[in-house]
Amino acid sequence: MYSMAQNDELNLCKFLLQKYADIINEREQRTIGEIKDLVDGTDLTIQSIVEDTKNENYEQSLRNTYKFVTDEISYVDAELSLNYWMSAREIMEIKTADDEDLSVFLCACMKALGDDKAEVIIAELDNLQTHAFVSTEIEDKFLILDAPQKDEFDKYFGKKTDILSNYTFKGSKIKRFLYRFNSEKYEQFLE
């Protein structure tokens, strides 16, 4: 656990972030085009990673990349009322990210590997929390990769209806999709 001094430092940091949340949120606003650009796969950090994980077979390349992401980057649920977007370089610098940044990072890697079907999905779960993950299709099979859970690659790989009905994050199922996007499209689902 944390020492008393570390806990005090974390409390101070959280207080200051909350105090300046409006300023941070205003500065971090992104247009739909800017959000789509985050997953275009051209970032040099992303290119370097996929160069190291690339294989002649796409599925094996993706397995290698997913393993790299789940091994090297820690997930944190910061529980802050901040909207922010981390760059791939920033993520690799601190080796920590929330679910949205991890999903954007992984989706950008998939795009750099040549996957035009990969997309980030932001879903509302049945516990009313939101959660981000990545989906794609490989040879007529649907795949969800959820780096924060560090699930095995094949856990959510198969028939789309089965995968969507069986998927859970911390025991909560998908209630509905809120957004999905990649470098080519951005779709918001209204109630």
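Relative contact order of the chain: what whole-number percent is it, with Cα pairs under 8 angstrom and at least 6 residues apart?
Once normalised by length, the contact order is 21 percent.
For a quick check: with amide H placed at 1.01 Å from N, whose amide H comes under 5 Å from Ser172's, ignoring anything fewer than 5 positions away on the same chain?
none
Can you work out the FRET efficiency for the pair Ala78 and Lys159, with r the C-beta to C-beta distance and R0 = 30 Å, to the nearest 0.05?
The formula returns an efficiency of 0.30 here.
Pull up all non-local amide H partners of Leu178: gap of 5 or more, or a different chain, and H-to-H distance under 5 Å with H placed in the peptide plane.
Amide H to amide H, under 5 Å and 5 or more residues apart or across chains, Leu178 pairs with Ile122, Ala123, Glu124.
Using a cut-off of under 17 Å, list every residue of region 26-69 whose amide N is near the label point 7 Å from the Cα of Trp85 along the Cα-to-beta-carbon line.
It comes to 26-46, nothing else.
Which residues' amide hydrogens lie under 5 Å from the amide hydrogen of Ile138, considering only partners 5 or more residues apart or on another chain, with H built in the peptide plane?
Leu143
Per 0.36 nm of contour for each residue apart, how much would the distance between Gln47 and Glu9 grow if the chain were fully extended, relative to their Cα-Cα spacing?
Length gained, Gln47 through Glu9: 10.1 nm.
Once every DSSP H run of n ≥ 4 in the chain is given -39500 (n - 2.57) and the sum is divided by its residues, what mean residue ellipticity at 222 nm do you get, rounded to the nearest 500 deg cm²/dmol?
-12500 deg cm²/dmol
Just Val120, Val76, Val104 to compare: in a GNM of the chain, with alpha carbon springs under 10 Å, which one fluctuates most?
Val76
Determine, for Ser103, Ser183, Ser165, the number of other Cβ atoms within 10 Å of each Cβ, and report the residues in order from fewest to most.
The order, fewest Cβ neighbours first, is Ser165, Ser183, Ser103.
What is the Cα centroid distance between region 25-95 and region 156-191, reported in whole angstrom?
19
Share of antiparallel DSSP beta bridges in the chain, in percent to the nearest 5?
Expressed as a percentage, antiparallel bridges in the chain total about 90.
Sort largest first and round to whole Å: the equivalent ellipsoid semi-axes of the chain, each the square root of five times a Cα gyration tensor eigenvalue.
Listed largest to smallest, the semi-axes of the chain are 27, 20, 18 Å.
Here, each number is a calculation from the coordinates, and none is a lab measurement. These numbers come from a predicted model, not from an experiment. So basically every Cβ, Gly included, is an ideal-geometry build from the backbone, and we count neighbours across all protein chains shown.
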